[in-house]
1. How compact is the chain by the rule of thumb for globular proteins, expressed as Cα Rg over 2.2 N^0.38 Å?
2. For the chain, report the accessible area per residue in Å² (1.4 Å probe, heavy atoms, rounded to an integer).
3. How do the peptides 167-175, 312-320, 126-134, 225-233 rank, highest first, by the average count of neighbouring beta carbon atoms within 10 Å per residue?
4. Can you tell me the order of 93-99, 264-270, 416-422 when each peptide is scored by its average per-residue count of other Cβ atoms within 10 angstrom, highest first?
5. Could you derive backbone 3J(HN,Hα) for the stretch 62-71 from the dihedral phi with the Karplus parameters 6.51, -1.76 and 1.60 (θ = phi - 60°), listing whole Hz in sequence and x where the residue is Gly or Pro?
6. Taking a quarter of the surface of the convex hull around the Cα atoms of the stretch 311-450, what do you get in nm²?
7. For the stretch 259-312, run through the trypsin sites (Lys or Arg not before Pro) and keep only the ones in DSSP coil with at most 16 other Cβ atoms within 10 Å of their Cβ.
8. Once you charge only the Cβ atoms, +1 for Lys and Arg and -1 for Asp and Glu, what is the size of the charge dipole of the stretch 43-124 about its Cα centre, to the nearest 20 debye?
Amino acid sequence: MLSITSQYLARYRNLVTGAGASAPLPVTGAQRRFILVRSLDPTGRPDLVPMFFAFPRGTVDVVRLAAAANRLAALHPVLRGRPGVVRGTPVLCLEQPEVPVVRVPRAPDEDAGAALRRALGAWAPDGPPLRLFLTDDASERGPARYGESAPHGRGDAREVLAIVLDHTACDGGSLARIVGELGAAYAEGHRAELPAPADTAAELAAYRDAVLLQLDAEERAASPEALAYWGARLRAVRDRAPAPRPGAPVAGTLPSGSASAILPSPAAGVPFPELLDACRAAARVLYGPGHVVPLGYPWGGRPPGAERVLGCFLNTVVFPAATGPAPLGAEVTADAWWDDLDRADVPFDAVAHAAREAGSGWSGRLDGLLTVDDSRLRPVLRLAGVEGLEVYVDGRPVRGPFAVSVTQGRELHVRMGWDRAVLDDHTARDAFDALAGALGAAARTAPAADRCPSA
């Protein structure tokens, strides 16, 4: 029987045969998942990846910034693509470059964070994948410096710029390049020329080749042996988050709850299995002992031989988090996790199908998410020589019941957001305390030689 990726490739090749230069682009397994999730969402909302930068007020020239952003969209196919489904086949359709830069006025009772949350909440799903929003920050407590547990200083001399992407257009490896190229294009000023047609054509060919290489890798990864492994690994998984309370708003439409902490970190960081164990501790508080909870985390990168193109090449790997009655221990988690990584290229939809074929009642919904990055790799945005301060806006809707983000560096910055239509604040804060406690203990005992692989 053909794998999901094999079936997709066959349909795509049949779709584009004879279409020539106007043919839509294929999508990776990760993009396929995001398109499916969007289609199943009651509000049709996409997954968004925002970055927020604070500048001294008056720094940002909106016209100049729009010109710079449109140069990027003209060059990079994924920044002018629109996800679509043609004859039942998910694809990316190319449009003309269009990157709006929107000034967001604050209501009398709003700070910058609230204004930007409102702007992101009104995101039209059928528009361009890259959009920029700018608002003044006149509050005494502006958005927090990235990684802080409390807002940093006064905001009465700042403006906050949000660079926001549809997740189908980017992964973590794309963000630094987007920020760097946007700053470089801004430095060229209003009169900089659009990319030459030859450069645009070369980038388009490189992008198409990279996605096809990724799909070839996914097709090879989804072997019968790998699918049997994931079926057995996830057979006991079930959805564990409670359904939204009667009369509650649609999940994901309320401002999320949030909690954060800054913890000491060993020089080499906390090993990834310890991070998974800490999420397991949170899941035990949220969902109770004796369950196997589906947690997801991004993993992967560009396929071998592919050009360094912008796009979304990170698979979502599922970790079956057993919640008790007793902790399994980091060594048990690490052994299972290393086995998972040997099969981490199997696309998410194929993994979910294998689990159901093996007898799991899991719907494919994730009850928790974990993302990890390194503060030393975080992008810095410079506009005409002025360096933006990356800040964090709390309260943005989360896709799953709860989501954990960990930034490793000189300190361990931990944040957790939760969907208030599904989880109550008291229980969620108890879960965060369990998470932070487990991470604090892991940080104190981590051997100096251990390193956390980059996710």
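The values are calculated or read from the model by the stated rules, or taken from the named source; none is laboratory data. Here the structure is a predicted model, which is why all the values come from computation and not from measurement. A quick note on method: Cβ atoms are made from the backbone with ideal geometry, for glycine too, and the neighbour counts reach across all protein chains shown. Accessible surface areas use protein heavy atoms only, side chains included; no ligands, DNA or RNA. Shrake-Rupley method; radii C 1.70, N 1.55, O 1.52, S 1.80 Å.
1. 0.97
2. Heavy-atom SASA per residue in the chain reads 43 Å².
3. Those peptides, ordered most packed to least, come out 312-320, 167-175, 126-134, 225-233.
4. Descending packing order for the listed peptides: 416-422, 264-270, 93-99.
5. Rounded to whole hertz, the list is 4, 5, 5, 5, 5, 5, 5, 5, 6, 5.
6. Spelled out: convex hull of the Cα atoms, projected over all directions, averaged, 12.0 nm².
7. When the trypsin sites (Lys or Arg not before Pro) of the stretch 259-312 are filtered for loop state and at most 16 Cβ neighbours within 10 Å, R308 remain.
8. In total the dipole reaches around 140 debye.
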